[in-house]
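Take a look at the structure set out below.
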Amino acid sequence: MPERELTFAQAIREALAEEMRRDATVCIIGEDVAEAGTPFKVLSGLVEEFGSERVVDTPISEAGFTGIGVGAAMTGMRPVVDIMFGDFITLTMDQMVNQAAKVHYMSGGHWNVPMVMRTTLGATRRSAAQHSQSLHAWFSHVPGLKVVLPSTPYDAKGLLKTAIRDNNPVVFFEDKMMYKLKGPVPEDDYTIPLGVADVKREGGDITLVATSSMVQTALGAASMLEKAGVSAEVVDPRTTWPLDEKTLIESAQKTSRVIVLDEGYGRYGVAAEIAAVIAAGAFYDLDAPVKRMGAMHVPIPFSPPLEDATVPTEQTVFEAARQMCGKA
Amino acid sequence: MSVTASNPGDLAARSAAPVTEQQKWLHAYRQMVSIRLFEEQVNELYIRALMPGLAHLYSGEEAVAVGICEALRRDDYITSTHRGHGHCLAKGASPDRMFAELLGKEAGYCRGKGGSMHIADPATGNLGANAIVGGSVGIATGAAFAAKRLRTDRVAVCFFGEGALGQGSLYEVMNLAQLWKLPVIYVCENNLYNEYTHFSETTAGTILARATAFGIEATSVDGQDVRKVNEVASRLIQRARKGEGPSFLQADTYRFSGHHVGDISREYYRSKQEESLWKTERDPIKLHAAWLIAQRFADSASLDKTAAEIRNEMIAAVKFAVEAPYPSVKEVDQHVYA
Ligand SMILES: Cc1ncc(C[n+]2csc(CCOP(=O)(O)OP(=O)(O)O)c2C)c(N)n1
């Protein structure tokens, strides 16, 4: 039988539906999550199955309903808080950073916050500076939070189910440009552990470590590199915290050259952290300094030619990799 | 005198002779029609796939922006929202540079960097549209703070949708504005829907009570009646200018189209019947046109002629924008820092 294919959005919805059927304490809270099913239609049909007590529309009050998510999580529920655009996490920062992330530690381990925040990242949708950012590094910086960045429909379903069952606050970033991406997704109840990287393509000459949207870019670049005689390995950490340092370092030791691709800002970002982990762990095996490629250090511009210049593309990754391998 | 779509609202300040009632209300008509026909072209650009991304149309709400901006001076400040084209035009922006911005062109108000949701224009006191709901409440209140400290005699109008009532920062700044008697007018455009959800499902209590709790003067107005809006706004603006402090205006209105240009099937959150009732009975432009005719300030032929002229201006402005070049890619890292 051919494998069943789902879009990224359908995989997310299926994970939520399965977990909501399995556990009556799982609920969804956010703006236009019920009848509208979010502007991206990711949640369509859930309110019909689970009702408005469990798929809860809110006012435009990100700080308020995120705080409600934290409190409800501490007292017996497993809320999935929906923040429509990743840019709006800024409004939730106190609740996430000073409350959710620290409650378990500050209480000496008494209270847990089993909450998921689902939100988005990614540019090139022509949505301009306040609807295009990739701010996952901010949360990755904070002890007490876990951060998940799925790159395929398969990973999205398995990782989201794990995130919902986790007893800690987990932030789940979805690339809005990937919602229509199709891929095989089993119908069964599978989970993927947090902190386990996945080698999306094996290769021997160079490692492309890529997160979220950048995994597809890295795979595209790897095909181009193959034609140019360069064998690229693509490694997807899948979670920025916990981080599977072992898999990243082993791949770097094998290939000796690494480019880290992440749609957040390169400076002080996820790519910087991964580059540092690899530089330290694979120091004696590296033939070149680890290179970071991320969003250009500018607010995302609206104008299409400008916006396109701010993110790594298959072509720019291909060129950088070829150069690093001395084949340019 | 020539009164074009790109003229700001402060007619009186710039014309030598006193403005007659007729001139004043014909100008308001022109401004409203300009917004409507601007938005008509925006929708066309979207349908013809000439505009990158999406845009949120202001059609149906014209009397609010126009009624208020006609009572402002050119150097008064406004802050606007994701649904901002109407505010920009009413404050005096020109359609050609606005269209250019919507298409990401260098000739646009923000050199293409901002797009539909971020148009800003210092020449008309427009501090900027904002894609964060409630994102400009601090900015408007800050502009009022500066106006008071710098004794510029300016006021700031903060436009926001009723959805922004959900944002806590609004309550922080309203408290401060009242404590410090700042010249700011908070204008809540209640078009009944926060995106795809009726405001009654997201708003407890009453809207005005939110302002009166701070002792802020608060009033509501029929947002489809440009003359009523203008009358109330004039009073609130005058109060603010005299140092009597902030006020809050709830303008009841309706957006004729979807939340954004791509929101086509919307019967799951509001009925076609409701939409057509507003469009036929409560269209601010039709209502004002009928009044102008009843007053013998215009006849339907002259109003049609005005609309035809404006439509031609809009078509020319679109042509300008379509033909205008994109900014050079070299500009991408300019303007990150001043
Ligand atoms: C802080 C924030 N949350 C959510 C959004 C997404 N969003 C954009 S417009 C909108 C609805 C706004 O409703 P309202 O303020 O009433 O303005 P209207 O669209 O009705 O003019 C929402 C939820 C946003 N832009 N900013």
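The values are calculated or read from the model by the stated rules, or taken from the named source; none is laboratory data. These numbers were taken from a predicted model, which means no experiment stands behind them. Quick reminder, even Gly has a Cβ in these numbers, built from the backbone with ideal geometry, and neighbours come from all protein chains shown. The area values use the complete protein model at the heavy-atom level, side chains included, leaving out ligands, DNA and RNA. Shrake-Rupley method; radii C 1.70, N 1.55, O 1.52, S 1.80 Å.
Just to be sure before I move on: is residue B:41 open to solvent by 10 Å² or more (accessible area, probe 1.4 Å), over 28 Å from residue B:275 (Cβ atoms), touching a residue at least 60 places away in the same chain (Cβ under 8 Å) and polar (S, T, N, Q) in the structure I sent? Steps first, please.
Numbers: open to solvent by 10 Å² or more (accessible area, probe 1.4 Å): yes; over 28 Å from residue B:275 (Cβ atoms): no; touching a residue at least 60 places away in the same chain (Cβ under 8 Å): yes; polar (S, T, N, Q): yes.
Considered against the rule, which asks whether it is open to solvent by 10 Å² or more (accessible area, probe 1.4 Å), over 28 Å from residue B:275 (Cβ atoms), touching a residue at least 60 places away in the same chain (Cβ under 8 Å) and polar (S, T, N, Q), residue B:41 comes out as no.
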Where residue A:49 falls short, out of the listed (1) open to solvent by less than 40 Å² (accessible area, probe 1.4 Å); (2) farther than 20 Å from residue B:193 by Cβ: (1)
Among residues belonging to the range A:99-116 that are part of a loop (DSSP other than H, G, I, E, B), out of contact with any Phe, Trp or Tyr (no Cβ under 9 Å at 6 or more places or on another chain) and touching a residue at least 24 places away in the same chain (Cβ under 8 Å), point out the one that is nearest to the ligand (Cβ to nearest atom). A:115
3 or more residues among the charged types (D, E, K, R): qualifying helices (runs of 4 or more DSSP H) within the range B:228-338: B:272-281, B:300-323
Report yes if residue B:200 is over 19 Å from residue A:64 (Cβ atoms), of a type in the set (Ser, Thr, Tyr) and either within 13 Å of chain A (Cβ to nearest Cβ) or open to solvent by 50 Å² or more (accessible area, probe 1.4 Å) (or both), otherwise no. no
Does the range A:65-85 contain any residue that is within 16 Å of the ligand (Cβ to nearest atom), modelled with pLDDT of 95 or more and away from every other protein chain (no Cβ under 14 Å)? yes
Candidate set from the range A:28-37 (those that are open to solvent by less than 10 Å² (accessible area, probe 1.4 Å) and in contact (Cβ under 8 Å) with a residue 24 or more places away in the chain); member that is nearest to the other protein chains (Cβ to nearest Cβ): A:32
May I ask you to say which residue of A:142, A:171 is assigned to a loop (DSSP other than H, G, I, E, B) and within 15 Å of residue A:243 (Cβ to Cβ)? A:142
Kindly evaluate residue B:86 against the criterion of being closer than 22 Å to residue B:223 by Cβ and free of Cβ contacts under 8 Å to residues at least 60 places away in the same chain. yes
Can you confirm whether residue B:107 is in contact (Cβ under 8 Å) with a residue 40 or more places away in the chain, within 14 Å of chain A (Cβ to nearest Cβ) and under 13 Å from the mean Cα position of the chain (by Cα)? no
Residue ID - nearest to the other protein chains (Cβ to nearest Cβ), chosen from residues in the range B:93-104 that are open to solvent by less than 10 Å² (accessible area, probe 1.4 Å) and in a loop (DSSP other than H, G, I, E, B): B:104
Of the residues that make up the range B:178-191, is at least one surrounded by fewer than 16 Cβ atoms within 10 Å (Cβ to Cβ), more than 20 Å from residue A:63 (Cα to Cα) and either within 14 Å of another protein chain (Cβ to nearest Cβ) or of a type in the set (Lys, Arg) (or both)? yes
Just for the range A:142-197: of the residues that are in the same structural domain as residue A:104 (by TED's automatic domain parsing), among the polar types (S, T, N, Q) and open to solvent by 10 Å² or more (accessible area, probe 1.4 Å), which one is nearest to the chain's Cα centre (by Cα)? A:152
Among residues of the range A:55-64 being more than 11 Å from the ligand (Cβ to nearest atom) and closer than 18 Å to residue A:35 by Cα, the residue least open to solvent (accessible area, probe 1.4 Å) is A:55
Just the residues that are polar (S, T, N, Q), within 12 Å of chain A (Cβ to nearest Cβ) and open to solvent by less than 40 Å² (accessible area, probe 1.4 Å), please, taken from the range B:118-174. B:130, B:136, B:167
Single condition residue A:24 does not satisfy, out of (1) within 12 Å of another protein chain (Cβ to nearest Cβ); (2) away from the ligand (no atom under 15 Å from the Cβ): (1)
Please count how many residues of the range A:74-102 are within 22 Å of the chain's Cα centre (by Cα) and either among the β-branched types (Val, Ile, Thr) or open to solvent by less than 50 Å² (accessible area, probe 1.4 Å) (or both). 20
Residue selected from the range A:117-173 under the condition touching a Phe, Trp or Tyr at 6+ places or on another chain (Cβ under 7 Å) and at positive phi, by the criterion farthest from the ligand (Cβ to nearest atom): A:144
Please work out if residue A:128 is within 14 Å of another protein chain (Cβ to nearest Cβ), of a type in the set (Gly, Ala, Ser) and crowded, with 24+ Cβ neighbours inside 10 Å. yes
Does residue A:242 fit the bill of being outside the structural domain of residue A:169 (by TED's automatic domain parsing) and without any contact (Cβ under 8 Å) to a residue 12 or more places away in the chain? no
Residues within the range B:56-92 that are part of a loop (DSSP other than H, G, I, E, B) and either away from chain A (no Cβ under 14 Å) or open to solvent by 10 Å² or more (accessible area, probe 1.4 Å) (or both), tallied: 18
Go through (1) hydrophobic (A, V, I, L, M, F, W, C); (2) open to solvent by less than 30 Å² (accessible area, probe 1.4 Å); (3) closer than 29 Å to residue B:47 by Cβ for residue B:233 and report which single condition fails. (3)
